[in-house]
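Structure first, commentary second.
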Amino acid sequence: MFTGPAAIRRIRPLLPAVAAGVLLTGCGGDPAPATPSKSPVTTSAAAAPSSSAPATTSPLTQDIQDAYQAAVDAHPGADLDNCTTGTSLDDKDCGAALRAAAKVAADTERRLRREDPEYADELYGAVFLTTSAVQGDLDRLRHPIPCYGLSDEPQPPPPLRAEAESICAEAADIFKIEYGIFLSTVEP
C-alpha cells in the first residue's frame, strides 16, 4: 500500500490524468490513459458523431416549441425592434409590439399548463419563470408612467416628458432582455 510523503510524490504526477479521465467518463467521453502511450491514438468511425444524423428532440422540448409556435401564430406582431432608446413615449407601434410579446409569453404558459396540468410546474418551470418576468416588466411599462400607449393614464407634463421617455426606454430594454431569456427557453 502507498503511504507517506514518498508515495504522494509518486502519485501526484498521475492525478491530473486521473481527474481528466473521471471527468471525461462522467461526461460520456472516453478517458485518456493515465500513463503516456507509445502507440498513436486512433479513433474509430463509430466513435465520431455523425453530422448527417438528424437531431432528436425530446417530447418535452417538442411540447414547449409547439406551444410557443401556436402562441406566436395567435399573437403576431411581437417585433421588439419597434422599441428603441429613441422611441417616443406615446409610440403605439412600440406598445403594440410589447403587448404582443407579453401575450405570446402568457399564451405559451397557458398552453403548457393545459398540456399537463398536474405536473406543469415541474415540467415547464424554467419557461414559467421567464413568462412571469415578462408579465412583470409589462406591468412596469404600464404604471406609474403610461409608456407607449400601454395604459390610459395621462401623459406626464412637458417638463417631465424627457425623464419619462428615458425611464420608459430603460424599462423597454429590460423587457426586451427578459423576452430574450423567455425565447431562449422556448426556441430550438
* Take each of the peptides 98-106, 84-92, average the number of other beta-carbon atoms within 10 Å over its residues, and list them starting from the highest. => 98-106, 84-92
* Residues with beta-carbon under 9 Å from that of Thr87, excluding Thr87: net charge, scoring Lys, Arg +1 and Asp, Glu -1? -> -3
* Where the centre of each part is set by its Cα atoms, how far does region 99-140 sit from region 159-182, in angstrom? -> 21
* Structure fact -> For region 78-188, the Cα convex hull volume per residue in Å³ comes to 92
* Estimated vicinal HN-Hα couplings, Hz - region 57-63 in sequence order (Karplus 6.51, -1.76, 1.60; Gly, Pro = x) -> 10, 5, x, 5, 4, 5, 4
* Structure fact -> The residues Ile174, Ile64, Ile145, Ile167, sorted from fewest to most surrounding Cβ atoms within 10 Å, come out as Ile174, Ile167, Ile145, Ile64
* To do: Would you mind ranking Tyr119, Tyr179 so that the residue whose beta carbon has the fewest other beta carbons within 10 Å leads the list?
  => Tyr119, Tyr179
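FYI, it's all coordinate maths here, none of it is from the lab. For clarity, every value in this text was computed on a predicted model and none was experimentally measured. Reconstructed Cβ throughout: ideal geometry from the backbone, glycine too, with neighbour counts over all protein chains shown.
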